[in-house]
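Engineer: Got a structure here, written out as structure tokens. Questions coming.
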Amino acid sequence: MTTSTKPSARAALSAALAVSATTLSIATFELAMADWPSGLVRLGVVPLVALIFCGCTLWSATLLLRVRHDGVKFALPVLVCAATLAVLVYAPLQHIALRLDFDRHREDRERIVARVETGELKPNVYDNENLIALGEREPRVSAQGNAIIIDEAGEGAYVLFLTSRGLNRGFTGFLRVPPGGTPGEFFEFERKPPSQIVSYDKDWYFVAN
């Protein structure tokens, strides 16, 4: 005597949850991966995860054919993918990640700014008079090897803490401007104007070029 068992939707649901969680993590923390080779993230990891998510969504949709005979549980994977897609489209994931980064590291960054202003921290990279390599002993407050970019101006020091560094000198990061200064006066914007300036607090801006 043989017994038949209905196919289980548990594996499909687990796969959809895993792929969706990975996709959301990559979408949220893409900028935080700036210490990885930027080409690997933008040309490798991101497209690969997007392709896997699209494939998972299409595969989950085919499971709807089983709903009539095996129950509504087979609709759960595609619902997970649909909810993930809605979050990707409508939720400001990178803005949330940037706000968390700003709040988490603000005190350390302000202490470093103070040390720059007093002259305790000075450019220490032989071929770049605007770069300070903080080293491994300092808090991790900047991408690209924990280095900061400074611009000494008449009103004080501009200090840029990188969140990413792209090709052709493109970058994103948190810029602290001295009192009376404006983000557009930062020397890095002389060659290429900023494409984004967002105020995060008094004298603090998220900038991109």
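The values are calculated or read from the model by the stated rules, or taken from the named source; none is laboratory data. As the structure is a computational prediction, the values presented were derived from the model and not from experiment. A quick note on method: Cβ atoms are made from the backbone with ideal geometry, for glycine too, and the neighbour counts reach across all protein chains shown. For accessibility, only protein heavy atoms count, side chains too; no ligands or nucleic acids. Shrake-Rupley method; radii C 1.70, N 1.55, O 1.52, S 1.80 Å.
Condition check ((1) open to solvent by less than 60 Å² (accessible area, probe 1.4 Å); (2) within 30 Å of residue 23 (Cα to Cα); (3) assigned to a strand (DSSP E or B)) across all residues:
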residue: 100; (1), (2), (3): no, yes, no
residue: 111; (1), (2), (3): no, no, no
residue: 116; (1), (2), (3): yes, no, no
residue: 120; (1), (2), (3): no, no, no
residue: 132; (1), (2), (3): yes, no, yes
residue: 138; (1), (2), (3): yes, no, no
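Engineer: Output yes when any residue across the stretch 49-70 is touching a Lys or Arg at 6+ places or on another chain (Cβ under 8 Å), at pLDDT 90 or above and more than 24 Å from residue 25 (Cα to Cα), and no when none is.
Structural biologist: No, the stretch 49-70 contains no residue that is touching a Lys or Arg at 6+ places or on another chain (Cβ under 8 Å), at pLDDT 90 or above and more than 24 Å from residue 25 (Cα to Cα).
Engineer: Quick test for you: out of 171, 161, pick the one residue that is over 16 Å from residue 114 (Cβ atoms), surrounded by 18 or more Cβ atoms within 10 Å (Cβ to Cβ) and either in contact with a His (Cβ under 9 Å, 6 or more places away or on another chain) or among the aromatic types (Phe, Trp, Tyr) (or both).
Structural biologist: Numbers: 161 fails: over 16 Å from residue 114 (Cβ atoms).
Unique residue meeting the criteria: 171.
Engineer: Hey, another quick one. Please work out which residue is modelled with the lowest pLDDT, limiting yourself to the stretch 156-192 and to residues that are polar (S, T, N, Q) and assigned to a strand (DSSP E or B). Give the derivation first.
Structural biologist: At the first step, the residues of the stretch 156-192 found to be polar (S, T, N, Q) are 163-164, 168, 172, 182.
This time we only want the ones that are assigned to a strand (DSSP E or B), so: 163-164, 172.
Numbers: 163: 89, 164: 83, 172: 89.
Of everything passing the filter in the stretch 156-192, 164 is modelled with the lowest pLDDT.
Engineer: Within the stretch 53-95, restricting attention to residues that are open to solvent by 60 Å² or more (accessible area, probe 1.4 Å) and either of a type in the set (Phe, Trp, Tyr) or touching a strand residue (DSSP E or B) at 6+ places or on another chain (Cβ under 6 Å) (or both), which residue is farthest from residue 205 (Cα to Cα)? Break it down into steps so the answer makes sense when it comes.
Structural biologist: Of the stretch 53-95, the ones open to solvent by 60 Å² or more (accessible area, probe 1.4 Å) are 54, 58-59, 62, 64-66, 68-69, 72-73, 76, 79, 85, 89-90, 92, 94-95.
Now drop any that are not either of a type in the set (Phe, Trp, Tyr) or touching a strand residue (DSSP E or B) at 6+ places or on another chain (Cβ under 6 Å) (or both), which leaves 59, 90.
Working: 59: 43, 90: 24 Å.
Per the stated criteria, the residue is 59.
Engineer: Say we look at the stretch 141-166 and pick out the residues that are touching a residue at least 12 places away in the same chain (Cβ under 8 Å) and charged (D, E, K, R); which of these is farthest from residue 98 (Cα to Cα)?
Structural biologist: Narrowing the stretch 141-166 to residues touching a residue at least 12 places away in the same chain (Cβ under 8 Å): 141-151, 153, 155-166.
With the extra rule that they be charged (D, E, K, R), the set shrinks to 151, 155, 165.
Working: 151: 23, 155: 27, 165: 15 Å.
Once the filter is applied, the top-ranked residue is 155.
Engineer: Suppose we filter the stretch 140-155 for residues that are open to solvent by less than 20 Å² (accessible area, probe 1.4 Å) and either farther than 15 Å from residue 175 by Cβ or part of a loop (DSSP other than H, G, I, E, B) (or both); how many remain?
Structural biologist: Keep residues of the stretch 140-155 that are open to solvent by less than 20 Å² (accessible area, probe 1.4 Å), which gives 141-143, 146-150.
Then keep just the ones that are either farther than 15 Å from residue 175 by Cβ or part of a loop (DSSP other than H, G, I, E, B) (or both); that gives 141-142, 146.
The total comes to 3.
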